[in-house]
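The values are calculated or read from the model by the stated rules, or taken from the named source; none is laboratory data. In this text the structure is predicted, and so the values were computed from the model without any measurement. Quick reminder, even Gly has a Cβ in these numbers, built from the backbone with ideal geometry, and neighbours come from all protein chains shown. Note: accessible area is taken over every heavy atom of the protein model, side chains too, but ligands, DNA and RNA are not part of it. Shrake-Rupley method; radii C 1.70, N 1.55, O 1.52, S 1.80 Å.
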Amino acid sequence: MAEYKWPEEGKRKHIGKRISRVDGPDKVSGKAKYTYDINRPGMLFAKLVRSPYARAKIVSIDTSAAEKMPGVKSVRVIQQPGAEIRWAGDEIVAVAAVDESSAEDAARAVKIVYEKLPHFVNEADLAAAPASYRRQPTEQTKGDPDTAFKEAEVVVENTYGNDVMTHCCLEAHGLIAEWEDDNKLLVHPSTQAVSGNGAELARALQIPAGNVHLKMDHMGGGFGSKFPIDRWGIEAARLSKLAGGKPVKVMLERDAELMLAGTRPSAYAKVKVGAKKDGTIVAWESESWGSGGPAGTGMPPYPYVWQIPNTKTKHHSISTDVGPQRAWRAPNHPQACLVTMGALEDLAAKLNMDPLDFVIKNIELTGARANVYKDEMMKAAEMIEWKKIWRPRGEGGMGSTKTLKRGLGLSLHTWGGGGHASNCDVTINSDGTVDVKMGTQDLGVGTRTAIRIVAAETFGIPIDQVKEHIGDNSYPASGSSGGSTTIGGISASTRRGSIDALNMLFEKIAPSMNTTADKLEAVDGKIQVIGSPNNSMTWKQACAKLGMQPITARGKNPGPGNLTSAGVGGVQMADVTVDIETGVVKMNNFVAVQDCGLIIDMKTTESQVFGAMIMGIGYALYEEKIMDSQTGRMLNPNMEFYKLAGLADIGNFKVHMMTGKGYDERGPIGIGEPPTVSPGAAISNAVANAIGVRVPTLPLTPDRVLAALEKERRG
Amino acid sequence: MSSSDERHDNPQDLHENGSQSGVSRRNFLKGSGVALTIPLVAGGEKIVKAAGADVPVLGPGKVNITLNINGASRTTSVEPRITLLDALRNDLDITGAKRVCDRATCGACTVVMDGNVVYACSVLAIEAQGKKIQTVEGLEQNGRLHPVQQAFVDNDAQQCGFCTPGFVMACKNMLDKHPAPTHEQIEMGLGGNLCRCGTYHGIKAAVAQAARQSRRGGRRNG
């Protein structure tokens, strides 16, 4: 029987090395075709007419002028008169025309009359939320928090939070839909779920799921926002049908992308946390609220990671008339982390303790991963020179001046990231090449590269002899890319399929080597009797024996052997300088120490961590979906005023991945989400350490920094 | 030193486009083709009086244009309101330059025009005639990546890759002008491009590699 396990450290030829992403050359040369880039013959362009009001009733819709315009091929009313709109930008009418400008003209010619209704779009102030926008609060108690607070010797109370941010995928949401016949649909989507989206389209269009063919080579970012096909996608298919099956392309405009296609829920909390004089944390109490649109939002896991013995939480889910929330990298964790680590930093400051010492003193409260966190904390502290630079809160870290205050902040986080269900077909061809077919997708994280590395490692061949085929739902089904589940799923299915295919090859050639399959191994481009390089044949010679009959094996996850597991930890530390005259926060250094089990490709793994930290700087310092209470609209649905971090904003980075014993044997675990969790907390803590006062809400914009300083001055 | 030779030199939008009734410079450009009511003269330009002078006007219908792209002459037919970016992508199927913000902020559509980087989303196609346009597709020579492209691959200066062609063009142009760029020149030269996946760390390393190579006499001006 084959053994399903990962090769030992000394025997790995590709796994864990620094390998450049295999689709890199296509991406730098413009050859990589994204959904947005696909031009189909006779393609029409769709545009949507959107509600300008956050809350309104549709009174009437007149599409007659639009229908008569030159080039217009189909018009569909999506929401009928009488329907109630719950967010600005909601789709009401869709039009398709021969080119984009004709479609835009037609969309502008649609006349819709609304009855405007009162709306509510800003939930930061809990007291201002109307009763009809509030749910019954949820409350939970653990231990005896009231007694614990009475016995606590040091207690701090403060407010923390972050506003809604949006995903801002550079490739907007959208797809191209075309009917190959009355019953068969071809779709080029920009999605995180190539194998999963067929069902949604089939249900809406009432055709068999097997009649929906999805194809996607490259996609320009998802971050959790691109799981559904969405109403605009379904409407493109309907417009196509009305136009005789012609391809219809719908890609959201940038303003719609920011208004509707990405919302990370807000989170605000009043927190009280108590400790003994020696720093032992004893009690937590929080009253929290937040919103992710009309459906409100659940409570992030407060307190985060720390298993404080006595806790009391109360949470208000607030609805707003804003486009609904979508999963954003590690849903709920960045919010929970900011609130928890912020409160603990404030507690350490009141205790006059270095937060590093405070965290280490309480590290057992982090539970089963305590030793990992401790190791990661000490490593990060060394990388950022914590003990050299850190000064007590408000004194200003090493190198501070009268107006430029330096500060350090730390945070820790966790995530699951166990491998999802995945199937693949691994084929060994008689020319020695290998094909892996899998209905997965590469969001830019290096999925293609990982598949190649795992297959090539298993067969003992160079990675360029393996070709992966992904992004097509006619390949064996593989899970959606969410929850950092892809690397575990696709690595395990590829490994199992490759091991099985290799054993089939061994069976085929063993007689000619006067041995049996169980005595063979594939190493360095050869197949040899285990431990006997002299009794061998080249990989090519072995494959040639397949003649007209290539080998195909189906790899699955889950499956035999322990190839994957779940659960990672990570620590981040930020070093900032705050100009207390202007309120501008500048990143000096930012370090991350992270584990994620067995690393398949060190280069792309580190890129994930760097990228997560950079995105984290964005939401910590710049990103905010600003809603106008008067009009109910987003004020900054563009990239001038919805600000992403730029190249000059990020400072210096160091990333250290925990590998080797204790980590590798856990198998590959997802990395896309965990390092996005801590940046807000680490940077907020660093700013508090620098200026001596907590800036309660992210993003830490200059006005908020100055307001917090002013409040402190006035007492 | 003036920064105009390295920054994207299109003016900012005049107005915030935060609502459906808002007017942005770009929408104004796009809409102006239909807003003007000018008698059609078959076969080409019309002349209108504006501020006392004769002004040639194109459109509102499609007009034939010729663009010089990566050294080749390409002819197509577009409405005067069509941007260079849309003409490249929708009419000529040259899709390396990406449409992201569509209003001169993010740099995903960066191309080089007569030696300077421009945002192709904010140049009208008709105005790009007679100029030498270089897109990311034109950097490879004899099937070999340009040193800047190779540096992006080697340093994993990309994830989803949607911003990458714009960054590659901005980076190549910056290094053509400043083969040994200072920290400030790098931040200025690449400050007009945005990445969402967070690849700036890799991009900084890629710039350093490409600059080292160009100082050693590697190929430039590709």
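The table below gives the values:
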item: Net charge over other residues, Cβ less than 11 angstrom from the Cβ of A:LYS31 (K, R count +1; D, E count -1); result: -4
item: Cβ-defined net charge surrounding A:LEU404, 12 Å radius [Lys, Arg +1; Asp, Glu -1]; result: +2
item: Set of lysines near A:LYS312 by C-alpha distance (under 28 Å), chain-local residues within fewer than 8 positions excluded; result: A:LYS142, A:LYS150, A:LYS270, A:LYS272, A:LYS276, A:LYS277, A:LYS350, A:LYS361, A:LYS374
item: Which of A:HIS315, A:GLY279, A:THR340, positive extreme of dipole for the range A:240-362 (C-beta unit charges); result: A:HIS315
item: Cα-centre dipole for the range B:147-215 with unit charges at Cβ (Lys and Arg positive, Asp and Glu negative), debye to 20; result: 80 debye
item: Theoretical FRET efficiency, 1/(1+(r/R0)^6), r = Cβ-Cβ of A:ALA131 and A:LEU365, R0 41 Å, to 0.05; result: 0.60
item: Area of A:ILE38 that stays accessible when all protein chains are in place (1.4 Å probe, Å², to 10); result: 30 Å²
item: Hydrodynamic radius (Kirkwood) for chain A, which is based on Cα pairs only, to one decimal in Å; result: 27.5 Å
item: Amide hydrogen neighbours beyond the local backbone of B:ILE65, cut-off 5 Å, H modeled; result: B:THR76, B:SER77, B:VAL78
item: Note, ³J(HN,Hα) from phi for the range B:91-100, Karplus 6.51, -1.76, 1.60, rounded to Hz, x at Gly and Pro; result: 9, 10, 6, 9, 10, x, 5, 9, 9, 10
item: Positive-pole candidate from A:SER64, B:GLN209, B:THR164, dipole of the protein assembly as shown, charges at beta carbon; result: B:GLN209
item: Chain A - accessible surface per residue (Å², probe 1.4 Å); result: 35 Å²
item: 10 Å Cβ neighbours from other chains, averaged over peptide A:251-262; result: 2
item: Between A and B, accessible area buried - total, square angstrom, nearest 100, 1.4 angstrom probe; result: 5000 Å²
item: Selected from A:LEU44, A:PRO550, A:GLY419, residue furthest toward positive end of dipole (chain A; charges at beta carbon); result: A:PRO550
item: A:LYS111-B:ASN70 FRET efficiency (beta carbon distance; Förster radius 41 Å; 0.05 resolution); result: 0.35
item: P(r) of the range A:321-400 over all Cα-Cα pairs, binned every 5 Å from zero, in whole percent; result: 3, 12, 16, 21, 20, 10, 7, 5, 4, 0
item: Accessible heavy-atom area order of A:GLU235, A:GLU115, B:GLU184, highest first, probe of 1.4 Å; result: B:GLU184, A:GLU115, A:GLU235
item: Averaged over A:98-104, number of beta-carbon atoms from partner chains that fall within 10 Å; result: 4
item: Sparse-neighbourhood loop sites, trypsin sites (Lys or Arg not before Pro) in the range A:532-625 - DSSP loop, at most 15 other Cβ within 10 angstrom; result: A:LYS545
item: Nearest-20 debye value, chain A charge dipole, Cβ charges on Lys, Arg, Asp, Glu; result: 240 debye
item: At least 40 Å² of accessible area lost relative to the chain alone, listed for the range B:195-218 with a 1.4 Å probe; result: B:ARG196, B:CYS197, B:GLY198, B:TYR200, B:HIS201, B:LYS204
item: Surface per residue (accessible, 1.4 Å probe) for the range B:63-138, Å²; result: 29 Å²
item: Rounded to 5, the percent of DSSP beta bridges in chain A classed as antiparallel; result: 75 percent
item: Centroid-to-centroid separation of the range A:60-91 and the range A:420-475 [C-alpha atoms, Å]; result: 45 Å
item: Long-range HN-HN contacts of A:SER317 with modeled amide H, under 5 Å; result: A:ARG135, A:THR138
item: Average other protein chain Cβ within 10 Å of Cβ, residues A:507-516; result: 0
item: Backbone HN-Hα couplings from phi across the range A:13-23 [Karplus 6.51/-1.76/1.60, Hz, Gly and Pro as x]; result: 9, 10, 4, x, 7, 9, 10, 5, 4, 6, 9
item: For the range B:63-138, share of DSSP beta bridges that run antiparallel, in % to the nearest 5; result: 90 percent
item: Calculated FRET efficiency for the pair A:LYS57/A:THR159, C-beta based, R₀ 51 Å, to 0.05; result: 0.85
item: Heavy-atom accessible surface of the range B:63-138: percent carbon and sulfur, 1.4 Å; result: 43 percent
item: For A:LEU404, solvent-accessible area (1.4 Å; no DNA, RNA or ligand), Å²; result: 70 Å²
item: Carbon plus sulfur fraction of accessible area for chain A, probe 1.4 Å, in percent; result: 50 percent
item: The range B:147-215: radius of gyration over Cα atoms, expressed as a fraction of 2.2 N^0.38 Å; result: 0.96
item: The range A:505-515 - phi-based ³J(HN,Hα) in whole Hz, Karplus 6.51/-1.76/1.60, Gly and Pro as x; result: 5, 4, 4, 5, 9, 3, x, 6, 9, 6, 8
item: Exposure ranking of A:HIS167, B:HIS183 by accessible area [1.4 Å probe, largest first]; result: B:HIS183, A:HIS167
item: Summed side-chain charge close to A:PHE120 - residues other than A:PHE120 whose Cβ falls under 9 Å, Lys, Arg +1, Asp, Glu -1; result: -1
